[in-house]
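Accompanying notes for the structure given below.
The values are calculated or read from the model by the stated rules, or taken from the named source; none is laboratory data. Remember, predicted model here, so these are calculated numbers, not experimental data. Because the Cβ atoms are built from the backbone with ideal geometry, glycine has one as well, and the counts that use them run over all protein chains shown.
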Amino acid sequence: MSQTPASGRAGERSTWTGWLRAHTLDAIPPEHLLPDTQPAYVASWIYVFGVLALTAFVVVCVSGLVIALKGPTWWQVSSRGHFVNSLHLWSVELFFFFMVVHLWGKFFMAAWRGRRALTWMTGAVTFLASIGTAFTGYLVQQNFDSQWISTQAKDGINATGIGAFWNVLDFGQMLLWHVALLPLAVSVLIVLHILLVRTSGVVPPIGVDLDGRVEGAAAKEAAP
Amino acid sequence: MTAGRVDPAAGDWRGPRRPYDLVKEFIVALVAVSLLTVVLALLFSSPNEKGVTLEQWAQKAPNDFIATTVSELAGTSTSASYGPPYNHSSTGQQIGPLHLQKWAGVRIPVDPARDFVISPLRTMTADAAVQAAVRRYEAAPAAQQDQWAGAYADALSKAPEGDPAQVAAGDYGPVPAMASGLLGLAQSGALDSQLVNAGTGFYQADYTKPLLFLADGGYLADLAQAQHLSGNQWGMMNETGNFPGQPWLWLYTFWYQVRPFSTSTNADALVWGLMMLLSLALVLVPFIPGVRSIPRRLPLYRLVWRSYYREHGAPRR
Amino acid sequence: MSAGGDPLPLLAALAVSIEALVDLTGPGHYLDWRFIQISGANFAVIVLMLVVFALALFLPFPGGRKR
């Protein structure tokens, strides 16, 4: 605490609040959080799949909230409810679609380079948590799918011992996990993932240093 | 950063930049994805195959219902021989020396003979014959109960189409009367609500018991088989009708189709153990030698950054 | 239950009036190849993902203006 931070906001650190503000601004400077420029190499359609997955998740949440407003049986008895259920299903399919293409892209870019491993890890955990969230969604539809999927899945989950605490045949428990606990977990993971992306920046191309020079390339000037 | 090996990609980019508008990108993506969702929902709707009731099962497949009921009494049904977390009738599956299922314990107690058959029959107080059958069954020693139920189960399996009306004569005690009593109860629709575990006595949210009973029969599985939803049909990925299901479960589903998993009695434990390991590997890709080097060996990254490499020179292979 | 009280009243009404334009509720179509069985719909989704991934790599990205 005796060291002067790079941002020169040491004077604000006499209170806890000032300390928190200074540390937050040091960790996530606003120009990193909401950038209006990108490194020149961020120029490929593969970069749009992160934001597409994010916005699909927003649509998943909004359509899910509408279903939550009306309660779990609404979509079974109302054609409007069934339409909102369709929105929920297709936004989930889009969410996974974009997330998987995003994952492939980041893998082939080796996007974990430059101390960005935690970004990859939070993304991978988000993918796994999303699978769990979608799975519980199937369990709370109150239809044939729910009956079949829950009675099949119980054997796998029981075999790990988890089934003794997390009962896929208990509609009430699964409904609360699906509408509260798991979406909260996925949301927190996504926020962490995006904050990590924004603070460390988009990974440079393979074989390019931070000044933009390409290793071993014929001497071309890299500066703008 | 002062360590011997400096990661060349760690730190702030000091090279050329291009204009970018994060907020605009987000809004455009949100509008595009919302519209795409609406179009897909309007075009394709969503699946909703109605659930099966015990009443429907008892009416459409009475012979299967009777056989299942008898197997609950005989202790041979899936639930009755399940083990943890429902009962102690087996130790469950294991992953090598790890008996995770057994160690987790019996935390959702289910006694199929009592919960699915005897207790519901006791509520039929107006039916003297059924009450007499239940009293006779309960008064008998356990060995006698097992013998009655086992003999009747055998006889049913040998009867044409499992039809109780065509069962050979034998000493089945009160078991046939109990089974037909439960069939009548289910056909009336009363069993559906009776099996739900009413933790508060009135409100219902836990369907463990009716689902276990339903899954013990062949009726639900036959319907699933017809919809390509069985485990050996890659069913976990599939959805009813022509809707996409959960294609992201392809790898999990795949293991169940191949040896040793497809023939193992521990398939669930082994597949889940393997998938947990592989999921951990996915999370830890940046640290796994070999795997983390694949992107450098494949030229896909040269496509992603081709305009940068074209302007500034391409790195060596 | 008045229409104004429901969320998305216009779209929902539209959806109700046209139902699904493409009926996916019929018997499922499945592809069989040795031990591999996959539904036509899942296969389409996976192929579409690969196509979109390839397009994202190959299609030129507009606006290479630097500063």
- Which numbered condition trips up B:Ser279, out of (1) more than 25 Å from A:Leu118 (Cα to Cα); (2) at the interface with chain A (Cβ under 8 Å from one of its Cβ atoms); (3) hydroxyl-bearing (Ser, Thr, Tyr)? (1)
- Task: Being of a type outside the set (Phe, Trp, Tyr), within 25 Å of B:Ala104 (Cα to Cα) and more than 7 Å from chain B (Cβ to nearest Cβ) narrows it down to one of A:Thr151, A:Thr160, A:Thr136, A:Thr122, so name that one.
- Result: A:Thr136
- If only one of A:Leu34, A:Leu69 is at pLDDT 95 or above, at the interface with another protein chain (Cβ under 9 Å from one of its Cβ atoms), more than 30 Å from C:Ala54 (Cβ to Cβ) and surrounded by fewer than 19 Cβ atoms within 10 Å (Cβ to Cβ), which one is it? A:Leu69
- Can you confirm whether region B:117-127 contains a residue that is touching a residue at least 24 places away in the same chain (Cβ under 8 Å), buried (at least 18 other Cβ atoms within 10 Å of the Cβ) and either within 14 Å of another protein chain (Cβ to nearest Cβ) or in contact with a Pro (Cβ under 6 Å, 6 or more places away or on another chain) (or both)? no
- So which of A:Ala159, A:Ala153 ends up being farther than 20 Å from B:Ala281 by Cβ, crowded, with 22+ Cβ neighbours inside 10 Å and at pLDDT below 95? A:Ala159
- Message: Need pairs with beta-carbon distance below 6 Å; first residue crowded, with 17+ Cβ neighbours inside 10 Å and within region B:268-288, second among the acidic types (Asp, Glu); sequence gap 6+ or separate chains.
- Response: B:Asp268/A:Asp155
- Note on the structure: Flagged pairs (Cβ under 7 angstrom, 6 or more apart or on separate chains; first in region A:127-143, in the same structural domain as A:Asp170 (by TED's automatic domain parsing) and hydrophobic (A, V, I, L, M, F, W, C); second surrounded by 20 or more Cβ atoms within 10 Å (Cβ to Cβ) and not in a helix (DSSP H, G or I)) are A:Ala134/B:Gln246; A:Leu139/A:Val168
- By residue number, the members of region B:293-317 that are of a type outside the set (Phe, Trp, Tyr) and facing another protein chain (nearest Cβ under 7 Å) are B:Pro295, B:Arg296, B:Leu298, B:Leu300, B:Leu303, B:Val304, B:Ser307, B:His312, B:Gly313, B:Ala314, B:Pro315, B:Arg316
- Item | Residue list for region B:233-251, restricted to those being closer than 15 Å to A:His88 by Cα and either touching a residue at least 12 places away in the same chain (Cβ under 8 Å) or within 8 Å of chain C (Cβ to nearest Cβ) (or both) | B:Phe243, B:Pro244, B:Gly245
- Item | Condition check for A:Gln141: within 9 Å of chain B (Cβ to nearest Cβ), assigned to a loop (DSSP other than H, G, I, E, B) and at pLDDT 95 or above | yes
- Message: I'm trying to understand the selection: among the residues of region A:169-205, which are surrounded by 22 or more Cβ atoms within 10 Å (Cβ to Cβ) and facing chain B (nearest Cβ under 9 Å)?
- Response: A:Leu169, A:Phe171, A:Val203, A:Pro204, A:Pro205
- Identify, by number, the condition in (1) exposed (fewer than 12 other Cβ atoms within 10 Å of the Cβ); (2) modelled with pLDDT of 85 or more that C:Phe53 doesn't meet. (1)
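With the structure loaded, tell me whether B:Ala186 is at the interface with chain A (Cβ under 9 Å from one of its Cβ atoms) and buried (at least 16 other Cβ atoms within 10 Å of the Cβ) or whether it fails that test.
Here the answer is no, as B:Ala186 does not meet what is asked.
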- Note on the structure: Across (1) within 9 Å of chain A (Cβ to nearest Cβ); (2) assigned to a helix (DSSP H, G or I); (3) at pLDDT 90 or above, B:Phe254 clears everything bar (1)
